1. List the pairs whose first member sits in segment 187-214 and is under 12 Å from E271 (Cβ atoms) and assigned to a loop (DSSP other than H, G, I, E, B), whose second member is within 14 Å of the ligand (Cβ to nearest atom) and among the aliphatic types (A, V, I, L, M), and whose Cβ atoms are under 8 Å apart, counting only residues at least 6 apart or on separate chains?
2. Being closer than 15 Å to D196 by Cβ and more than 14 Å from the chain's Cα centre (by Cα): is that true of Y304 here?
3. Just the residues that are over 27 Å from K124 (Cβ atoms) and among the small types (G, A, S), please, taken from segment 233-248.
4. Can you name the condition, by its number, that G219 falls short on among (1) part of a loop (DSSP other than H, G, I, E, B); (2) farther than 18 Å from A147 by Cα; (3) not hydroxyl-bearing (S, T, Y)?
5. Looking at D166 and the list (1) within 17 Å of H101 (Cβ to Cβ); (2) away from the ligand (no atom under 13 Å from the Cβ); (3) assigned to a helix (DSSP H, G or I); (4) not small (G, A, S), which single condition is not satisfied?
6. Among (1) over 28 Å from G119 (Cα atoms); (2) in contact with a strand residue (DSSP E or B) (Cβ under 9 Å, 6 or more places away or on another chain); (3) more than 16 Å from the ligand (Cβ to nearest atom), where does D280 come up short?
7. Look at segment 169-179 and say how many of its residues are among the aliphatic types (A, V, I, L, M) and either over 18 Å from the mean Cα position of the chain (by Cα) or part of a loop (DSSP other than H, G, I, E, B) (or both).
Amino acid sequence: MTRAAAPARAALAVTLALVVAAGCGGGSGSAASSDQATDTTATTEVPTTTEPSTTTTDAPPTTEAPAPPAPPAPPTTRSLPAATGPLTHVAGRTIALDAGHNGGNAAHSAEINAQVDAGNGVMKACDTAGTAGDDGYAEFQFTLSVAQAVRDELVASGAHVVMVRDDSAGWGPCITQRAAVGNAAHADAALSIHADGNLAAGARGFHVILPAVAAGGSGVVAASASLGHDIRDQVATTGMPASNYIGSGGLITRGDLGGLNLSTVPKVFIECGNMRQATDLAMLEDPAWRARLAHAIAAGFDTYLAG
Ligand code: ZN
């Protein structure tokens, strides 16, 4: 632990109550426990589920202090080192993309608060409203924008892409259905896209969420970890630092997310940044940065599928 870690943990604890009400998903009351909500509400997992067996390989020491402005990279490649160039391994493969939340969720609180079986012994709300930036930029807008950009790039490289949603006109679907889309497609890989809503002062950065369990069994859990590492490595090239408030090196493992628990295919979540932090929000709102992010995510799939 560094000097920075203890105050950060203290701040996290102090602000936990606020985070529960305002995290990714932004729900109040029971909604705070739902799958898509408050990815940072699972703060009880922070100290115990940060991949103890893999910490030595998660080289970027980005959780001990705010990440450096440039990611560690070979000296000959300064920006988007592996994310440049054509994708060569996604052709003919099937990828499922889940844009978190939906535009109609806030107006359908009864429907999205219905409890569903999220797997792993967890009951959760069907879906949640999602968070938003202080200026009103909504998480459901961001997630769809990114999902569509990733989709376009993957399709251009010959992949078959299935989308959980392709507009923001409806509500849900429930987390059970979000997992079922990738399962039914027998996807080679799947990703649920989010942005976080952590209110802790100075809380910045992205993190990828790996499954602790999966309906597909231990093989799917292991494959998901590989996918998550590949996506993490690529997103680290975009200039968004790895999270300084949750997980380790931009990764955390969780067993409370239905979208992961119920998956029979390799799947991870990504929280692309913190919408409640001004620097992160400016990046999340920047179309040029979102294009870099989408390219990085696509390259992460490509790297994974090459393995
Ligand atoms: Zn979310």
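Read-outs: derived from the displayed coordinates by stated rules, not from any lab. For clarity, every value in this text was computed on a predicted model and none was experimentally measured. Reconstructed Cβ throughout: ideal geometry from the backbone, glycine too, with neighbour counts over all protein chains shown.
1. Filtered contacts from segment 187-214: G197/V19; G197/A22; G197/A132; G197/M275; N198/V19; N198/I246.
2. Working: closer than 15 Å to D196 by Cβ: no; more than 14 Å from the chain's Cα centre (by Cα): yes.
So Y304 fails the test.
3. Of everything in segment 233-248, those that are over 27 Å from K124 (Cβ atoms) and among the small types (G, A, S) turn out to be A236, G239.
4. With (1) part of a loop (DSSP other than H, G, I, E, B); (2) farther than 18 Å from A147 by Cα; (3) not hydroxyl-bearing (S, T, Y) applied to G219, the lone miss is (1).
5. The failed condition is (3).
6. So D280 meets the others, but not (3).
7. 1
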